[in-house]
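One structure below.
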2 protein chains.
Amino acid sequence: MQVGKPILYSYFRSSCSWRVRIALALKNIDYETVAVNLTKDGGQQFSEEFQALNPMKQVPALKIDGITISQSLAIIEYLEETRPTPRLLPQDPKKRAQVRMVSDLIASGIQPLQNLSVLKQVGQENQLTWAQQAITSGFNALEQTLQSTAGRFCVGDEVSMADLCLAPQVANADRLSPAGQGTPPHPVLGHSSHCGPQETARSSWHNTVAMPTTARGIPRSPCSQEGVPRLVDTPEGDPLRACSPPCGVSVPSSELCFPPISPSGRPR
Amino acid sequence: MQVGKPILYSYFRSSCSWRVRIALALKNIDYETVAVNLTKDGGQQFSEEFQALNPMKQVPALKIDGITISQSLAIIEYLEETRPTPRLLPQDPKKRAQVRMVSDLIASGIQPLQNLSVLKQVGQENQLTWAQQAITSGFNALEQTLQSTAGRFCVGDEVSMADLCLAPQVANADRLSPAGQGTPPHPVLGHSSHCGPQETARSSWHNTVAMPTTARGIPRSPCSQEGVPRLVDTPEGDPLRACSPPCGVSVPSSELCFPPISPSGRPR
């Protein structure tokens, strides 16, 4: 039996790792991080050592309670079953189904089509178009779905696994947008913060973004100040160390800031 | 509140629908099928009527207990929580994590990369190569994963949601193989029926294939005789009505035979 803290194999930009980081943070689970840089050294996920942990050569993987679990939603469901407070799945089976439906829509219907390995396969010149198509199509469907499930968050008024999937996916959407060109408007999905009376239909991801700093999987630091930092690629090709404007905060090389929310309600 | 039988929106060749059909059959849930032909009329999933049910324009979707659920794993989890017998998730949280890990590996890591819409996007000349790469890479990882989780089935000795994902994915692998060229050998994943003493490491999908006829989502009929029928495309482009050699069995137009297992242990 393994002892000690859980170990999360993670990459800051991996939206799937990010889902798990939010879950660990919300559940206040102390853990250690091992950074697996998906772009350095030809991709550290291809090392023999990491493949032994996750033969899919993907992050995240979580060593916990003597087992190693890969696949972010399997990890989150395990955390939910063994560390149920605060809950990330509602009690009502129908609401649970809606949470899983939204989560799977993102985890199976959007993310796999725009992840690093697929974009490499598509080729650099087609990457943005390909990614945009997957994300826009998925977000259009998600918008329609959320219209019947969302309250303050994706499903009702409590944060759930669905929100843990949506927030990183919205960040991906922003990152993969052509410069200056946002994704199409999705009123429920990405409703801005000035929605006033439409409070109950507010953006699910917006509210996730607005969760306490610790819930975002970010070390407590001024780096997480709303509207201040954002990740930038450094000249060395290592995007892990810089915020712009510089926040002066030292964070683990595998983890960095959540994209802060802009006045328009979209991450910037 | 909706009354009456659950209604499954399904397509015979959809591996995601197939997962749910197996679950419904194993749990002995009486339901009605509405066929959504993904290739007829330009794709019936694009109809306004169906998009209102599932804005992702994908099957399956299940109307049940007054709600409509899309995403096959969300559906299966809902069935498990509301119709728990026989169970499709083990009781032990660690085993449950393994079942979900294997299921998600297929549902997020393989299937989305080789489904109909993506293959259309890739273009006809690249389809097989693209699909083969996704499946082979996924199966290689799955083989390694199953080495530590499998008993008679994907996880231990009981059929689980993981097997419901694997069997249809193996059928996809067979269907998307270049003629006469099998996928690489995967001893645990696809171990042939003559494994003898290696009983406990036998192919998970093989055992799923060997489940009772009703468990395969197939109407009780001679059409499901092992080794006899297989789907063929008819001259009308409707592959739903013919078996070769003809089995003479009338089955719902949306559902048809599970590919029978060959002596080598692979579906043929």
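The values are calculated or read from the model by the stated rules, or taken from the named source; none is laboratory data. Predicted model only: the values in this text are computed from it and were never measured. Positions of Cβ are backbone-derived with ideal geometry, glycine not excepted, and every protein chain shown enters the neighbour counts.
The set of residues from region A:90-116 being buried (at least 24 other Cβ atoms within 10 Å of the Cβ) and over 23 Å from B:Ile135 (Cβ atoms) comprises A:Ala97, A:Gln98, A:Val99, A:Arg100, A:Met101, A:Val102, A:Ser103. Residues that are more than 22 Å from A:Ala134 (Cα to Cα) and hydrophobic (A, V, I, L, M, F, W, C) were ranked within region B:37-67; the one that is nearest to the other protein chains (Cβ to nearest Cβ) is B:Ile67. Considering only region A:138-159, how many residues are touching a residue at least 12 places away in the same chain (Cβ under 8 Å) and of a type in the set (S, T, N, Q)? Matching residues across region A:138-159 total 4. Can you confirm whether region B:82-89 contains a residue that is surrounded by 24 or more Cβ atoms within 10 Å (Cβ to Cβ), of a type in the set (Ser, Thr, Tyr), at the interface with another protein chain (Cβ under 10 Å from one of its Cβ atoms) and assigned to a helix (DSSP H, G or I)? No; the residues of region B:82-89 include none that is surrounded by 24 or more Cβ atoms within 10 Å (Cβ to Cβ), of a type in the set (Ser, Thr, Tyr), at the interface with another protein chain (Cβ under 10 Å from one of its Cβ atoms) and assigned to a helix (DSSP H, G or I). Out of all the residues in region A:108-118, is one or more over 16 Å from the mean Cα position of the chain (by Cα) and either farther than 13 Å from B:Val118 by Cα or at pLDDT 95 or above (or both)? Taking every residue of region A:108-118 in turn, at least one turns out to be over 16 Å from the mean Cα position of the chain (by Cα) and either farther than 13 Å from B:Val118 by Cα or at pLDDT 95 or above (or both). Of all residues in region A:131-157, those satisfying the criterion of being of a type outside the set (Ser, Thr, Tyr), over 22 Å from A:Ser17 (Cα atoms) and either at the interface with chain B (Cβ under 10 Å from one of its Cβ atoms) or not in a loop (DSSP other than H, G, I, E, B) (or both) are A:Gln133, A:Asn140, A:Ala141, A:Glu143, A:Gln144, A:Leu146, A:Gln147, A:Ala150, A:Gly156. As a summary of the residue check, A:Ser177 satisfies the conditions (1) of a type in the set (S, T, N, Q); (2) in contact with a strand residue (DSSP E or B) (Cβ under 9 Å, 6 or more places away or on another chain); (3) at pLDDT below 85 except for the one numbered (2). Inspect region B:49-69 for any residue being buried (at least 23 other Cβ atoms within 10 Å of the Cβ), free of Cβ contacts under 8 Å to residues at least 24 places away in the same chain and within 28 Å of A:Pro90 (Cβ to Cβ) and give the result as yes or no. Within region B:49-69 (the criterion being buried (at least 23 other Cβ atoms within 10 Å of the Cβ), free of Cβ contacts under 8 Å to residues at least 24 places away in the same chain and within 28 Å of A:Pro90 (Cβ to Cβ)), the answer is yes, since at least one residue qualifies.
The condition of being surrounded by fewer than 19 Cβ atoms within 10 Å (Cβ to Cβ) and in contact with an Asp or Glu (Cβ under 8 Å, 6 or more places away or on another chain) does not hold for B:Lys27. Considering only residues in region B:71-81 that are within 9 Å of chain A (Cβ to nearest Cβ) and closer than 28 Å to A:Asp65 by Cα, the one that is surrounded by the fewest Cβ atoms within 10 Å (Cβ to Cβ) turns out to be B:Glu81.
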